[in-house]
1. Thinking of the stretch 404-498 as a set of Cα atoms, what percent of all their pairs are more than 18 Å apart?
2. Could you give the length gained by full extension between R266 and I11, i.e. 0.36 nm per residue of separation minus their alpha carbon distance, to one decimal place?
3. For A142, which sequence-distant residues (separation of 5 or more, or a different chain) have an amide H within less than 5 Å of its own amide H, given hydrogens modelled in the peptide plane?
4. Note the angle between two axes, namely the Cα long axis of helix 247-264 and the longest principal axis of the Cα atoms of the chain, as a number of degrees from 0 to 90, rounded to the nearest 10.
5. For A293 paired with D111, estimate the spin-label separation in nm (one decimal), with each label point 7 Å from Cα along the Cα-to-Cβ line.
6. Taking only Cα atoms of the stretch 128-226, what ratio of Rg to Rh do you get with Rh as the Kirkwood inverse-distance radius?
7. Whenever you get a sec, line up H137, H420, H265, H216 from highest to lowest accessible area (probe 1.4 Å, protein heavy atoms).
8. I'd like the FRET efficiency for S307 and V278, computed as 1/(1 + (r/R0)^6) with the beta carbon distance as r and R0 of 22 Å, rounded to 0.05.
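The values are calculated or read from the model by the stated rules, or taken from the named source; none is laboratory data. The model shown is predicted, which means the values in this text are computed figures rather than measured ones. When we count neighbours, we look across all protein chains shown, and the Cβ atoms used for this are built from the backbone with ideal geometry, even at glycine. Please note that ligands, DNA and RNA were not included when accessible areas were found on the heavy atoms of the full protein model with its side chains. Shrake-Rupley method; radii C 1.70, N 1.55, O 1.52, S 1.80 Å.
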Amino acid sequence: MTARSAGQVRIKAPRADGAVLIDPPLQQADRLLQANRAGLAEQSEWTGLRARGREQMLALATGYTSSYLDLPEQLPRGDRPVILAGHQPHFFHPGVWFKNFVLSQAAHQCDAVAVNLVIDNDTAAPPSIRTPTGDLHDPRLAVVSYDSGAEAIPYEERGVLDREQFRSFADRLRQTAAPWLQAPLALEMWPDAIEAAERTGNLGAAAAHSRHRWEHRWGLRTLEVPLSQLCQSEAFLTFAWKLLSQPASFAETYNAELAAYRTAHRLRSRSHPVPDLVTEDGWQESPFWIWSADRPRRERLFVKATSAGVELTDRDLWQVHAESPAMLGEHLADVGIKLRPRALVTTMFARLVLSDLFLHGIGGAKYDELTDAIIDRFFGFQAPQYLTVSATCLLPVQRPDVSPADLRAVDRRLRDLTFHPETHALAAHPSNPTVAQLTSQKAAAVAREPAPEELAKRHQQIVQANAGLQPFVASQRQAAEEQRATVQHDLRVNRLLGSREFSYLLFPEQTLRPFLTAAGGRIS
């Protein structure tokens, strides 16, 4: 593993409201980009593929983005560097959205083209968001849906099932979130989402198009393209062929580095961070998903190398033979099969073929420590470096001024009332003879240094004195227990309202826009 990736796993999401993270700092983006270009330029067998991959991606991204945004007529020059980011098309939290703003800023800073990949091969998340509801004394979370539930299928296959539910979402969200949220961005953004849903019929596209339109209104200059479109390109099929034509060798590398990753991070689960690639009856599982339009659930792809190419199958309904990347695409299309990369291969393709610099979130950066090791071992060269980007923006709502330290302080007081009640009893009852007597008895027992056989008796005297003093501190204990209950309630409210996972749809523009668009100026 590279030194850069080995340190990556220690990166954690910023906790404070308004805090941002970029590692390495944004000022180093151009240096990393140039180092990545120089390193990959030394791999001559990748030069042509990278050139074709970027040309095809920019053409697809320009065409796709121009279907819902007005773009300059001049296409991006093919010789300009490309900076890439990506995420699933749903209504994520502001810390994820922040990555798109850093993407635009980094591209401006490096005179590069900024492209965001819409990762629509992932299984679609439930079509709902969580929002605070209730009041400050009893806040709770409510789930507001923007479409009906459906079976777990990829975003690219997920249509809008309940148009009325989708159209009414913003108004229902406003009613549920009141009085917490007065002007959530959803109220202004949702007409764009409705337009995109009606134009495309796709739930993920509705989220992605509406978000991207607002990014451009706020000054970003980025292109977007769904991964599903790139997976039909010659460059992707050529890249996939590099892995599919050596199924046993790649699986051996993949599984060995996965085992090393689990050992290094003390992971016992055999499915974390990803499952091993298995061999079944001579067929080797590959790191790709497959499905068809009539069976849109993601299935595993199995491969077998032959002297004349590769055999591919789902080990159920179909089997095809291919002798080249072009034949691979043609024969899969003939049987209606869509070929899509799994997570590690997605970023491998993005970093090795499509871009000069990639922007990761924290989760992706941790997993790509494994990707780096696979690239190093399988392809024989060091993986390009990347930036890790995250941020924390909390809802602008009233939260109790309390911390875990307050709970610890109350617990110390309760413990003190149990084991050292004399101080509190004397303060509350300075003239009470019983308090004075019990306090004196305890002090004498504590001061005495008994023989070993007298220790139990001494301990019992201290316990009896403490117990005798409890009635004289009962009111103080009751007050402390009531305070503890209040602190616990307030901490629960803080945890609920202080989550960084709330969707950007809940935030007012006057809070969110300054936070996101200050990407370049706030990052050191």
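1. Here the tail beyond 18 Å accounts for 55 percent of pairs.
2. The span from R266 to I11 would gain 90.1 nm if fully extended.
3. Amide H to amide H, under 5 Å and 5 or more residues apart or across chains, A142 pairs with T131, T133.
4. Approximately 20 degrees, to the nearest 10.
5. 4.5
6. Here Rg/Rh amounts to 1.01.
7. H137, H420, H265, H216
8. 0.35
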